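Scroll down for the structure; my scribbles are underneath it.
The values are calculated or read from the model by the stated rules, or taken from the named source; none is laboratory data. Quantities reported herein were computed from a predicted structural model and do not represent experimental measurements. For neighbour counting, all protein chains shown are included, and Cβ atoms are generated from backbone atoms with ideal geometry for every residue, glycine included. Note: accessible area is taken over every heavy atom of the protein model, side chains too, but ligands, DNA and RNA are not part of it. Shrake-Rupley method; radii C 1.70, N 1.55, O 1.52, S 1.80 Å.
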Amino acid sequence: MTTRDDSKTRLDALRVEIERRNPAQPEFHQAVHEVLETLAPVLAARPEYAEPGLVERLCEPERQIIFRVPWQDDQGRVHVNRGFRVEFNSALGPYKGGLRFHPSVNLGIVKFLGFEQVFKNALTGLGIGGGKGGSDFDPRGRSDAEVMRFCQSFMTELYRHIGEHTDVPAGDIGVGGREIGYLFGQYRRITNRWEAGVLTGKGTGWGGSAIRPEATGYGSVLFAAAMLRERGEDLEGQTAVVSGSGNVAVYTVEKLLALGANPVTCSDSSGYVVDDKGIDVDLLKQVKEVERGRISEYAERRGASARFVPGGRVWEVPGDIALPSATQNELGEDDAAALVRNGVKAVAEGANMPTTPDAVRLFQQAGVAFGPGKAANAGGVAVSALEMAQNHARTAWTPNRVEEELARIMNDIHTTCHETAARYGVPGDYVTGANIAGFERVADAMLAQGVI
Ligand code: NDP
Ligand code: 2IT
């Protein structure tokens, strides 16, 4: 019989081996560590999962693609970027996950995101495997024409690896509706196919799903609401601290306002805005989505209630709930200590892995409800899967129908994580609940499909 201690020893050895074989990929190590350290109880309880090689296969991407992306700027200068697509696991369906364009992108970052995506996609209960991609291209300050040429060059290599039944990319940091449009156009031109289901996040006039732009932010607020409900509370009147000011943050703010909460902050990599009257979502959209400006411009135009704090971190602002929605490792131990001191009750990760492991521990020790990204931000990829379903049926659902499905899926994910945590003796631990529930779904499919 395998005990929890045996399983833990084996998982620790595997982690050390993964770190040795994947040097200089700290974010990938962090994501793997955070999952492996929660799996010992399930390996001990379910002997079939202790099969040699199962967890090892889960931690090794099925395929990793790296390619050159040359493109010309408006002055005719040639730039050479690097493109990535890591096809991590297809046991539950085609690889599914976003593309990130940001100068910090490297193989380790794409692997951490792909690994998280496998568990997240499993939690949605929909038929999607996990993958992730992107480039170290920096879209900031680039003209539309430059972004278009970059996207066309990127797709000129990527097209051969993707397809509606193979691998279905979408957006992430630096990739939104504009980029998906250019990528889809180039895919259609090269393949001479109207294959709507090859990309998600398309415009609603040409195969995109209603509510996809809103889905990640709306979903993480619904997840926060579900965690509060579990404690006999609701969102009404709660002050919320939100980081980021991109796609996820904007629609997080919008949903918080719709549900009667009071979001008071937003940020970007230059600093944060705090608005005593609550964030004005129309002004935020105008500055960020229409003008593609900086968050400091919001404060300049909002009037006396708002101020911009250059270089500061939103976590010093008191709030009842926190929704980190910018990037990985943006909320560290000191930030968590400040939030706890200020009485935070719940944290829902809109971003992928924004909270460092020390900070997660601190929240859990303090009894704060902590919703990890692979559960809390799954609304985006869930609506992407609904977009694939609509594309396959050549139909388009109403916004109401998509929103109802999104709400149902987020509540189901919350219930699954909550019940799984209780079943394994760690009630209220959404991290363990999400990891084990996601693991069970992928592992069952992998076992059924043999050693591949
Ligand atoms: P956007 O590109 O729309 O916005 C990103 C925001 O995060 C910007 O405000 C940006 O500020 C800030 N940011 C990015 N990198 C850094 C950094 N290194 N340091 C400080 N701030 C940074 O991206 P999204 O809103 O789509 O993504 C935000 C997070 O949500 C990411 O972790 C992403 O993986 C995750 N996510 C996204 C989903 C989606 O559907 N889009 C789905 C699920 C998760 P600046 O402009 O200054 O860089
Ligand atoms: O991290 C994520 O879940 C996303 N960026 C969305 C992926 C998708 O395929 O919609």
| When the distances between all Cα atoms of the range 153-292 are binned every 5 Å from zero, what whole-number percent does each bin get? | 2, 9, 17, 18, 14, 12, 11, 8, 5, 2, 1
| task | Find how many whole Å separate the alpha carbon centroid of the range 225-250 from the alpha carbon centroid of the range 109-167. | result | 28
| query | Can you give the helix-only mean residue ellipticity at 222 nm for the chain, where every DSSP H stretch with n ≥ 4 adds -39500 (n - 2.57) and the sum goes over all residues, rounded to the nearest 500 deg cm²/dmol? | reply | -14500 deg cm²/dmol
| With a Cα-only, solvent-free Debye model of the range 310-452, what are the log10 I(q)/I(0) values at q = 0.16, 0.18 Å⁻¹? | -0.93, -1.07
| request: Could you tally the net charge around residue 287, taking each other residue with its Cβ under 12 Å from the Cβ of residue 287, Lys/Arg +1 and Asp/Glu -1? | output: -1
| task | Using only the alpha carbons of the chain, determine the length spanned along each of the three principal axes and report them from longest to shortest in whole angstroms. | result | 64, 54, 43
| said: For a test of understanding, tell me how many lysine pairs in the chain have Cα atoms under 18 Å apart, given they are 8 or more places apart or on different chains. | reply: 16
| note | The convex hull of the Cα atoms of the range 360-420, divided by residue count, gives a volume in Å³ per residue of 89
| task | Show 300, 179 ordered by accessible area, largest first, where the area counts protein heavy atoms only and the probe is 1.4 Å. | result | 300, 179
| query | Normalised by the number of residues in the range 94-242, what is the relative contact order in percent for Cα pairs under 8 Å and 6+ residues apart? | reply | 23
| request: Sort out for me the Cα centre separation of the range 323-352 from the range 392-452, rounded to whole Å. | output: 23
